[in-house]
Structures are given as C-alpha cells and as structure tokens.
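Worksheet: the structure to be examined is printed underneath.
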Amino acid sequence: MLFNRRVMTSIPDNEAVSQLVPTAARQAQRVALIVAVAFFMQLLDSTIISTSLPQMGQSFGVPAVAMSIGITAYMLTMAVFVPLSAWLADRFGARNIFLVAIGLFTLASIACGYSQSLTQFVAARIVQGLGSALMTPVGRILVLRNAAKSELLAATALITWPALFAPVIGPMLGGFITTYLSWHWNFFINVPLSLAGLLLVARFVPGDRESETRPLDGRDSSSPRSASPRCSMGWNGLRIPRMACCRQWAWLPPASPSAGSPCGTCGG
C-alpha cells in the first residue's frame, strides 16, 4: 500500500517535468523569433538605402558619392561600440539594453527620415549605428540565455534567416519605395517594426541581470558571458575579441606569451 502511494505521488512530478520541457522550448523559440525580427529590421536598414543615395544627394544638394559618408559613419560606430555590449548587458541586464538599442534605433530612423542636410543625416546615422551595435550581440545573449542546450541549434537557426533574406530584398524594396514614395520612407518603415519589437520584448522576454557587476576594463569585450563563444588573443598588447576559436581564424597570428594570455579554447 505504501509502495502504491509513492508511485502515485511520483506521477504528478513526472507529468510536471514533461510539461515544463515543452514550455521552456516554446519560450526559447519565442525569444529567438523576437530577436530575429529585430535583426531583420537592422539588416534591412543597412541595405535599403543603397539604391536611394542619388535621390538623397539631390535632396541634400550634394553629389551622390558624398552620401557614402553616412554608410561609413554607421559602420564605424558599430565597430566602436560592439565590444561594450557584453559589459553593458552584464551591468544593466540584456533585456534592458536590448530595449534601449531598439529605442535608439527607432529615434535615429525618424531623425534620418526628417534630415534636411548631410550633416544632420550623418549625425542620425551615428546614433543609429550605436543602437545597431548594441542590438546584434545583446540579442544573441538573450537567445543563448533563454535556450537550453538541446534548443541552441534551433534557436540559432531562427536568428540566422534575417542575414539571408534582408540583404536580398533590401535594395529592391528601397528602389521601390524611393520610386513610388520617397527616400524618407526607407527610414520611416522601421518605426512600426521597432514599436512592435519593443512591445514583444517587454511582454515576452524575461528580465535578467548579473548579480555580480564588474568594472569596465580592456577584458570585458572578451567576456565568456558574451553573445557567443569568443576568445581573446594578445596581439601587441591589445586584446581582440573574436567570434570563434583561434584555429578558425588563420589570418591572425597566434599569441605570444609576452603579448598576452593564450586562447582558453584552443591554447593558440
């Protein structure tokens, strides 16, 4: 009789565990889809203006080739602020930083659409690049923190599709919008996507924040808690963050003992 009671009391526990696993899988898939939408918006914005540069130059009264400074400023800002994203996510929470990144991107998109000169456009693109620099790595952090090991492959596949489709449809969509509307709508199209992203992140993405805060130093860009497996390599006194193991980056020389610590993954 006692044995039957134990069996009966253990059945609800097993059922609870079996129900918890699909719930966690759905949560990981939901977070990955939300991040994928944000990535799609960001990558679409990077390519949608390529076909509208002549019209933008004509509107600003500058040659079309001068408009390339807006693209350059955007890319340089991303390169500068991406290494800070891991520390900011640990310090203030990945969800909060992701919301701030989408908000910055939205405000900068509106400013780009209302720009009246090349100077205003470049300033708005710098702010947009800051939002984009925080959005991509912090979005990956959210996906990895909300996905179990068994769900990592499926979650990674979901956030990969924007990189495949956005560069393809971006120039075509930009040319269509510029021809039949105006180049301003290439940036205004980000507003409804950003607002939807803000609501979805606030509603479905759980908050997270590291209990232990660390000071900002030169090693934060190579934190093991960052968006994806990275390692740092000492190279003339600099610590360079990378997205994979040293052996996969043959174009970079191996670290010498005097330049810094070796890679913790491959020892290179």
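The values are calculated or read from the model by the stated rules, or taken from the named source; none is laboratory data. As the structure is a prediction and not an experimental result, all values here were calculated from the model. Every residue, glycine among them, receives a Cβ derived from its backbone with ideal geometry; neighbour counts consider all protein chains shown. Only protein heavy atoms, including side chains, enter the accessible area calculation; ligands, DNA and RNA are left aside. Shrake-Rupley method; radii C 1.70, N 1.55, O 1.52, S 1.80 Å.
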Practice item. Could you check, for the range 132-148, whether at least one of its residues is open to solvent by 40 Å² or more (accessible area, probe 1.4 Å) and of a type in the set (Ser, Thr, Tyr)? Key: no
Practice item. Identify all residues within the range 83-138 that are within 27 Å of His184 (Cα to Cα), of a type in the set (Val, Ile, Thr) and either in contact with a Lys or Arg (Cβ under 6 Å, 6 or more places away or on another chain) or free of Cβ contacts under 8 Å to residues at least 60 places away in the same chain (or both); write none if there are none. Key: Val100, Thr119, Val122, Ile126, Val127
Check your understanding: Which residues, counting only those in the range 157-205, are of a type in the set (Phe, Trp, Tyr) and not in a helix (DSSP H, G or I)?
Key -> Trp183
Check your understanding: Conditions: (1) in contact (Cβ under 8 Å) with a residue 60 or more places away in the chain; (2) of a type outside the set (Gly, Ala, Ser); (3) open to solvent by 70 Å² or more (accessible area, probe 1.4 Å). Val65 meets all but one. Number of the miss?
Key -> (1)
Point to revise | Boolean, Phe3 is modelled with pLDDT under 85, surrounded by fewer than 16 Cβ atoms within 10 Å (Cβ to Cβ), of a type in the set (Phe, Trp, Tyr) and on the phi < 0 side of the Ramachandran plot | key: yes
**Study point:** Residue satisfying all of: in the range 50-98; among the polar types (S, T, N, Q) and touching a Gly at 6+ places or on another chain (Cβ under 8 Å); nearest to Thr119 (Cα to Cα) among these
**Key:** Thr77
Point to revise | Hey, Thr77 surrounded by fewer than 23 Cβ atoms within 10 Å (Cβ to Cβ), touching a residue at least 24 places away in the same chain (Cβ under 8 Å) and over 24 Å from Phe165 (Cβ atoms) or not | key: yes
Study note, to complete from the structure: Within the range 168-190, the residues that are open to solvent by less than 60 Å² (accessible area, probe 1.4 Å) and within 17 Å of Phe39 (Cβ to Cβ) are Gly170, Leu173, Ile189, Asn190
Revision key, fill the gap. Expected output for the range 40-58 (first residue assigned to a helix (DSSP H, G or I) and of a type in the set (Gly, Ala, Ser), partner open to solvent by less than 10 Å² (accessible area, probe 1.4 Å) and modelled with pLDDT of 85 or more, Cβ below 6 Å, 6+ apart or cross-chain) is Gly57/Met67
